[in-house]
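Colleague: So that we are looking at the same thing, I have put the structure below in structure tokens.
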Amino acid sequence: MIRVINRYLLGDFAKSFLIALVLLTFVMYVGAVVKAIDYVAKGIPGLVVLKIFSLNIPFTLSFVIPMSLLVTVLLHFGRLSSDGEITAMKSCGVSLWQVAAPILLCAIVLSGICFYINANLSPRSHFMRRQMLRDLGVDDPLALLDEGRFVSDFPGVSVYIGKRSGPRIEDVILLQLDKGGVDIEWQAPSGQVTFDPETKTLNIELEKPRRNEYERDATGARGKPRSQTMPTAERTQMILDLSEMMNKSEIRKKDSDMILSELVNSLQNIRQVFPDIQEQNVPRLRSKMAVEASQRMALAMSCFAFALVGIPLGIRAHRKESSIGIGMALVVFCLFYMFIILSDAMVDYPQRRPELIPWIPVLGCQVIGFFLLHKNR
């Protein structure tokens, strides 16, 4: 009898899950359609645009799979409870744990799939997508401006920013380079950076800058800096031509482009991987990469956590209406995603261990799920 019940539960669950997966994936991609139309309007072939957006599917699935599972579990067990099937199975000697077992097994399998996507497939496809956009000249070069380290991707300059919020940058160091090394050093407490996609130029505006010119010895090597000659002007603008740079196919990997093994290796050897990083920014960069790794694993484990808490919540809802289940799923997933956002916001405070924050909703859902299942067994 247990096998018959398991086949019945799994068959109904699988059909509902696939429908939810397709629908939620479609909803997530509605906004991307507008961008695809914009790419086509710029003259990019339709097949190339299709490939660009297909490379974004793994990243989308990392969020859609857990949410689809949660919606399906709530609707599935809400219907079973409303139709009295849970009561009927209990009266036949089938415990709630036996009813939940096949669904929890599916959740474990989906967690494994999500772990592979988050650890390998999604970062690889994300990096390939960035390379394609760079080759086509439609990628935003501002994405290269990582906080806390020198970025040498731009021609003739090396740029360091302490913090960036949109076009606003703070704690800026800009080194103008020549064949002999650093020629002029600019320092500014703040500034603005914008990119013009039409002319492919990057405009860096420094506010209250200070300028250091370096002396040269007889061999042409850089010597000691001369006296600071600024601030004399409130603002200084520098315009960089990026047309040649944007035609290059090779770009530097960011933490979101690294597979999990590369991320762990970078965490263990951060000074070797980022030799130009300033020492005071090592804790922040390490915290940022640890948060990235933690978020990926927590998202994968959320499948099992959502199934565990969704089963008793669906039974307690005792409703057939899909709106109830979808509403509950949105509330649970929004609460989970709030912790993801909070961990990103706490990267500037590595002493508070922000990499542990994504695990709070995962462990919380598991504890609540076990308690409710045990209480309703």
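The values are calculated or read from the model by the stated rules, or taken from the named source; none is laboratory data. Just so you know, these numbers come straight off a predicted model, no measurement behind them. FYI the Cβ positions are ideal-geometry reconstructions off the backbone, even for glycines, and counts take in every protein chain you see.
Colleague: Of the residues L23, L18, which is at pLDDT 75 or above, in a helix (DSSP H, G or I) and more than 30 Å from S95 (Cα to Cα)? If you could, list the steps in order and put the result at the bottom.
Modeller: Values: L18 fails: more than 30 Å from S95 (Cα to Cα).
L23 is the lone residue from the list that is at pLDDT 75 or above, in a helix (DSSP H, G or I) and more than 30 Å from S95 (Cα to Cα).
Colleague: Hey, another quick one. Just to be sure I understand the filter: pairs with C-beta atoms under 6 Å, separated by 6 or more residues or on different chains, first member in region 50-78 and more than 19 Å from C114 (Cβ to Cβ), second member of a type in the set (V, I, T). Which pairs pass?
Modeller: Matching pairs, first to second residue: F77/I311; F77/I315.
Colleague: Right, another one. Taking region 163-200 as the region of interest, how many residues are modelled with pLDDT under 80 and either in contact with a Phe, Trp or Tyr (Cβ under 7 Å, 6 or more places away or on another chain) or under 24 Å from S287 (Cα atoms) (or both)?
Modeller: Counting residues in region 163-200 that are modelled with pLDDT under 80 and either in contact with a Phe, Trp or Tyr (Cβ under 7 Å, 6 or more places away or on another chain) or under 24 Å from S287 (Cα atoms) (or both) gives 3.
Colleague: Go through (1) within 16 Å of L330 (Cα to Cα); (2) surrounded by fewer than 17 Cβ atoms within 10 Å (Cβ to Cβ) and name the single condition T87 misses.
Modeller: (1)
Colleague: Would you check if V291 is in contact with a Pro (Cβ under 7 Å, 6 or more places away or on another chain), at pLDDT 90 or above and among the aliphatic types (A, V, I, L, M)?
Modeller: yes
Colleague: Could you tell me whether region 107-120 includes any residue that is within 31 Å of the chain's Cα centre (by Cα), assigned to a helix (DSSP H, G or I) and more than 23 Å from S261 (Cβ to Cβ)?
Modeller: Yes: region 107-120 contains one or more residues that are within 31 Å of the chain's Cα centre (by Cα), assigned to a helix (DSSP H, G or I) and more than 23 Å from S261 (Cβ to Cβ).
Colleague: In this structure, does G310 turn out to be in contact with a helix residue (DSSP H, G or I) (Cβ under 9 Å, 6 or more places away or on another chain), assigned by TED's automatic domain parsing to the domain that holds P66, at pLDDT below 75 and farther than 27 Å from I173 by Cα?
Modeller: no
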